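Here's the structure we're looking at; comments come further down.
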Amino acid sequence: MSNVTISLIVPCYNVEKVCDRFFQSLLEQDFTDVQLIFVNDGSTDQTENKLFSYREALEKLGYQFDYVYQENRGLGGAINTGLKKVCGTYLCWADPDDYFEKNAFSARVTYMDAHPECMALETDSFERNDSDREHYTLASSHFPETREPKQFWLLLNYRSNFNSGCHMLRVEGLRKVNPEMDIYEARRGQNWQMLLPVYYEFDRHYLDVPVYNYIVYEDSMSHSVKSYDDYMKRYQENGTIQSETIKRMHIPEEKKAEYLHRIDMMTTRLYLYAAMGAHKKHEFKEQYKKLKKNGEIGTKDRIRYFRLMLLNKG
């Protein structure tokens, strides 16, 4: 593999019917010194044929086309495989059912080349619904602290932009905090695994330019969470991903303990909210007691407690 400016990891699972716009956006880029690392994560449709149908056109534009097939291991597993192939100065990762703006690579490379101290860069993104792609919201509108350079604690507490294609890392910085170039493999959550170690060590720079289009599908992972049990399973999975990522980080043990406790409290609070929404009095009381024991109960929590007790007398 030859050195390139950017390595882009693209995990692919059954994306045959939704990836054409992604490829079109690659063909329209004004910067193509990019290593494309496609990881076919055990697709059962014609994803492989679709990927290779674009290879010649991409290579003519200067892209390096790398392809890996593996048995299905989920997004975390696909990203982990791709990390072993990286040979660029900078690293991005993106989902093939989303797509880039034409300056997605050039805008970020220009910024990072001009700021050699920058190890992590975030840009804004458009969030569009699959059924209405003309209208959008900006990802930054969800995160009031998006310009804050200290993003570790914010990301740990669900207050930092999570859209995968918004991020670019300097590989030098990633290797410093993750010399093994290896992350905890989960079915999803790859942004925590990739970003938390970097955000702990380095300030995150922000470029106020939307260069990515995040598409919300009705059958996406987030929309598949509907019932109380679904929420509990998702929150437990999130807590596990965060905790396993922290355990792998090369930081003092007392800091690990502090962050693991914070993850436990955040997960408990999410359980509390889920129980509140489902009017599950017993489950709510259990989570409330745990938070109270740890000094985590505030006025709003007390109001929630009495409201649920009144709604569920007896």
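The values are calculated or read from the model by the stated rules, or taken from the named source; none is laboratory data. Note that the structure is a prediction, hence the values are computed from the model and not measured. No Cβ is skipped: glycine too gets one built from the backbone with ideal geometry, and neighbour counts run over all protein chains shown. Heavy atoms of the whole protein, side chains included, go into the accessibility calculation; ligands, DNA and RNA do not. Shrake-Rupley method; radii C 1.70, N 1.55, O 1.52, S 1.80 Å.
Restricting the first residue to region 235-251 and requiring it to be touching a residue at least 60 places away in the same chain (Cβ under 8 Å), which pairs with a second residue that is buried (at least 16 other Cβ atoms within 10 Å of the Cβ) and outside any helix (DSSP H, G or I) meet a Cβ separation below 7 Å and a spacing of at least six or different chains?
ILE241/TYR184; ILE241/ALA186; ILE241/GLY189; GLU244/TYR184; THR245/TYR184; ARG248/TYR184
Could you please find all residues in region 49-76 being open to solvent by 80 Å² or more (accessible area, probe 1.4 Å), among the acidic types (Asp, Glu) and in contact with a strand residue (DSSP E or B) (Cβ under 6 Å, 6 or more places away or on another chain)?
If the condition is that a residue be open to solvent by 80 Å² or more (accessible area, probe 1.4 Å), among the acidic types (Asp, Glu) and in contact with a strand residue (DSSP E or B) (Cβ under 6 Å, 6 or more places away or on another chain), then GLU59 is the only one that fits.
Picking from GLU296, GLU283, which residue would you name as being open to solvent by less than 70 Å² (accessible area, probe 1.4 Å), in a helix (DSSP H, G or I) and either touching a Leu at 6+ places or on another chain (Cβ under 6 Å) or under 22 Å from TYR231 (Cβ atoms) (or both)?
None of the other options fit; the residue is GLU283.
Among the listed residues LYS150, LYS84, identify the single one that is open to solvent by 30 Å² or more (accessible area, probe 1.4 Å), at pLDDT 95 or above and in contact with an Asp or Glu (Cβ under 7 Å, 6 or more places away or on another chain).
None of the others qualify; the one that does is LYS150.
Filtering region 19-48 down to residues that are farther than 20 Å from CYS92 by Cα and not charged (D, E, K, R), which residue is surrounded by the fewest Cβ atoms within 10 Å (Cβ to Cβ)?
Looking at the filtered set, the residue picked out is THR44.
Would it be correct to say that VAL198 is surrounded by 15 or more Cβ atoms within 10 Å (Cβ to Cβ), among the β-branched types (Val, Ile, Thr) and outside any helix (DSSP H, G or I)?
Taking the combined requirement at face value, the residue does not satisfy it.
Which numbered condition in (1) more than 20 Å from ARG188 (Cα to Cα); (2) among the charged types (D, E, K, R); (3) at pLDDT 95 or above is the only one that ASP98 fails?
(1)
Table: residues versus (1) in a helix (DSSP H, G or I); (2) closer than 23 Å to ALA107 by Cα; (3) in contact with a Cys (Cβ under 9 Å, 6 or more places away or on another chain); (4) not charged (D, E, K, R).
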| residue | (1), (2), (3), (4) |
| --- | --- |
| PHE23 | yes, yes, no, yes |
| THR32 | no, yes, no, yes |
| GLN35 | no, yes, yes, yes |
| ASN49 | yes, no, no, yes |
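Please verify whether region 137-146 includes one or more residues that are in a loop (DSSP other than H, G, I, E, B) and either open to solvent by less than 40 Å² (accessible area, probe 1.4 Å) or in contact with a Phe, Trp or Tyr (Cβ under 9 Å, 6 or more places away or on another chain) (or both).
Yes; the residues of region 137-146 include at least one that is in a loop (DSSP other than H, G, I, E, B) and either open to solvent by less than 40 Å² (accessible area, probe 1.4 Å) or in contact with a Phe, Trp or Tyr (Cβ under 9 Å, 6 or more places away or on another chain) (or both).
Residues of region 119-135 being in contact (Cβ under 8 Å) with a residue 24 or more places away in the chain and either surrounded by fewer than 22 Cβ atoms within 10 Å (Cβ to Cβ) or aromatic (Phe, Trp, Tyr) (or both), which ones?
ASP124, PHE126, GLU127, ARG128, ASN129, ASP130, SER131, ARG133
I need the full set of residues from region 153-189 which are open to solvent by 60 Å² or more (accessible area, probe 1.4 Å), part of a loop (DSSP other than H, G, I, E, B) and in contact (Cβ under 8 Å) with a residue 24 or more places away in the chain, in order please.
The answer is TYR158, PHE162, GLU185, ARG187.
Here is a check on your reading of the model: is TYR90 open to solvent by 40 Å² or more (accessible area, probe 1.4 Å) and either in contact (Cβ under 8 Å) with a residue 12 or more places away in the chain or of a type in the set (Ser, Thr, Tyr) (or both)?
no
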